[in-house]
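**Student:** Following this message is one structure expressed as structure tokens.
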Amino acid sequence: MLKLKEIILLVIFAGISQMAAANMPGLRPDHSKIFKADDKPRVYYFHASRRCVSCKAVETVARKAVREKYGDEIEFIILNREDEKNKALVEKYKISGQTLLVVKGESVKNLTNMAFMNARKKPDKVKEEIVSAIESLNK
């Protein structure tokens, strides 16, 4: 009988610990930072679970453009649009396919078409356009 009480107490303690951890922001993944409107643009790349060569090229070129010019000053955020945890952003920006956005507050620059047309054969053009979009939002 004592063993049963110990097991029940252990289960109760584990449940309380899980509930406490779920309510403590530092102990769970926090995607809310990507919703914050702050003074810096962010670059978002939304992709699907299955990705083609062009999709991967857009991500690679966009990431390089941001890192080479801005280092860690500008966030480059990669999100799977099919992942339920990203649903709020997918709905906010009306994402329906692979998408490359530069966002600052409510200002959004959609670079998707240009990026997919040029990522594989003219990556420098994509880099220039990304930098230009970031700079225009920084004014």
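**Student:** Being surrounded by 13 or more Cβ atoms within 10 Å (Cβ to Cβ) and either assigned to a loop (DSSP other than H, G, I, E, B) or at pLDDT 95 or above (or both): is that true of Ala37 here?
**Tutor:** no
**Student:** Mind checking which residues of the range 49-70 are modelled with pLDDT under 95 and more than 19 Å from Lys121 (Cα to Cα)?
**Tutor:** Result: Ser49, Arg50.
**Student:** Test of understanding: among Glu106, Glu84, which residue is more than 30 Å from Met117 (Cβ to Cβ), in the same structural domain as Lys121 (by TED's automatic domain parsing) and at pLDDT 60 or above?
**Tutor:** Just one listed residue meets the conditions, Glu84.
The values are calculated or read from the model by the stated rules, or taken from the named source; none is laboratory data. Please read all numbers here as calculations on a predicted model, not as lab measurements. Positions of Cβ are backbone-derived with ideal geometry, glycine not excepted, and every protein chain shown enters the neighbour counts.
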